[in-house]
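Values in this text are rule-based calculations from the coordinates and carry no lab data. On a predicted model such as this, the values are computed, not experimentally measured, just so you know. Cβ placement follows ideal geometry from the backbone for every residue including glycine, while neighbour counts extend to all protein chains displayed.
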Amino acid sequence: MSGKDYTKQVAKRQKIKKTTLVVGLDIGNEFNAMGLMNKAGEILGRYPKVYNSRKGFEYFKEVIEETKRRYGLRKVLIGLEPTGHYWRKIVYYAKDLGYEVKFIRTTALKHQREVDESSSAKSDMRDAITIANITREGKYIDTVIEDGVLRQLRTLAKLREKMQRGNTSAKHRLGAVLDDYFPELRGMFWSMKAKGLDRILFHFIVRCQRKHIIW
């Protein structure tokens, strides 16, 4: 770690006060494991199954608020590894409650897992505690978690880019097939994108489908 990175990590660690409840979430499809910890690293609770449902989210809030009351804590800092898209709902729910949410790197979790247990084997509950500990040490990523219109636009933009790449790839594959089976077409049409060629191919495909010809 460079001196600059270490300074940033120390600054992040110093932001975590004695009144901060640190929550580690190991995200899953059906449910999440949750570990609670204070600034000193003491484990305040282990909850192996917080379901991704309305009832599960209400339980999530109830546990956190009860732990805050019991230990006199005021602020909540949640750390998690963003797995697939499963993290979105619980994160947006947590942010609506005013909880702070930070991401951690997969490499950081794997390294800490090996240091703590001398094993890279995964365990949901153990990972939740490890994630809480990584977050407590300030080893999280400062990421803007977008919601609402901005998130929707970002998601749609990524989908459009993915579809464009898919279209380009499909056109290249089609060109290769035409060159292989119908090389004379390049001398008959000005482009493989010509509308006349497109109509011929469409007509051919429809006829094949009607005659149940697989090609």
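A few points about this structure:
- Filter on LYS15/LYS68; LYS39/LYS61; LYS162/LYS193; LYS49/LYS102 - keep pairs with C-alpha separation over 24 Å: none
- Counting only the Cα atoms, the chain fills a convex hull of 230 Å³ per residue.
- Once you divide the Cα radius of gyration of the range 1-69 by 2.2 N^0.38 Å, the number left is 1.35.
- Straight-line cross-link reach from LYS55 at under 18 Å between alpha-carbon atoms covers these lysines, not counting any fewer than eight positions away in the same chain: LYS89, LYS95.
- Only Cα pairs under 8 Å and 6+ residues apart enter the sum, and on that basis the relative contact order of the range 9-56 stands at 29 percent.
- Three-way shape label, the range 45-161, alpha-carbon gyration tensor, a/c 1.5: oblate
- Phi-based couplings in Hz for the range 70-86 (Karplus 6.51, -1.76, 1.60; Gly and Pro marked x): 5, 10, x, 9, 10, 9, 10, 10, 10, x, 7, 9, x, 9, x, 10, 5
- Cross-link partners of LYS110 among aspartates and glutamates (Cα-Cα below 17 Å; sequence separation of 8 or more within a chain): ASP26, GLU81, ASP124, ASP127, GLU137
- Nitroxide proxy distance, nm - points 7 Å out along Cα→Cβ at ASN29 and GLN209: 3.2 nm
- For the range 49-112: span of alpha carbons on each principal axis (Å, largest first): 34, 26, 21
- Under 5 Å from the amide H of PHE182 lies no amide H of any residue 5 or more positions distant or on a separate chain, with H modelled from the backbone and absent for Pro and chain starts.
- Between GLU66 and ARG105, the C-beta separation translates, for a Förster distance of 25 Å, into a calculated FRET efficiency of about 0.25.
- The mean sequence distance of close C-alpha pairs (under 8 Å, at least 6 residues apart), as a share of the length of the chain, puts its relative contact order at 21 percent.
- Highest-fluctuation residue, HIS203, HIS85, HIS172 considered, GNM on the chain with Cα pairs under 10 Å: HIS203
- Trypsin sites (Lys or Arg not before Pro) restricted to DSSP loop in the range 123-168 with at most 14 other C-beta within 10 Å: none
- Couplings 3J(HN,Hα) for the range 154-163, derived from phi with the Karplus relation 6.51 cos²θ - 1.76 cosθ + 1.60 (θ = phi - 60°), are 5, 5, 5, 5, 5, 5, 4, 4, 5, 5 Hz, where x marks Gly and Pro.
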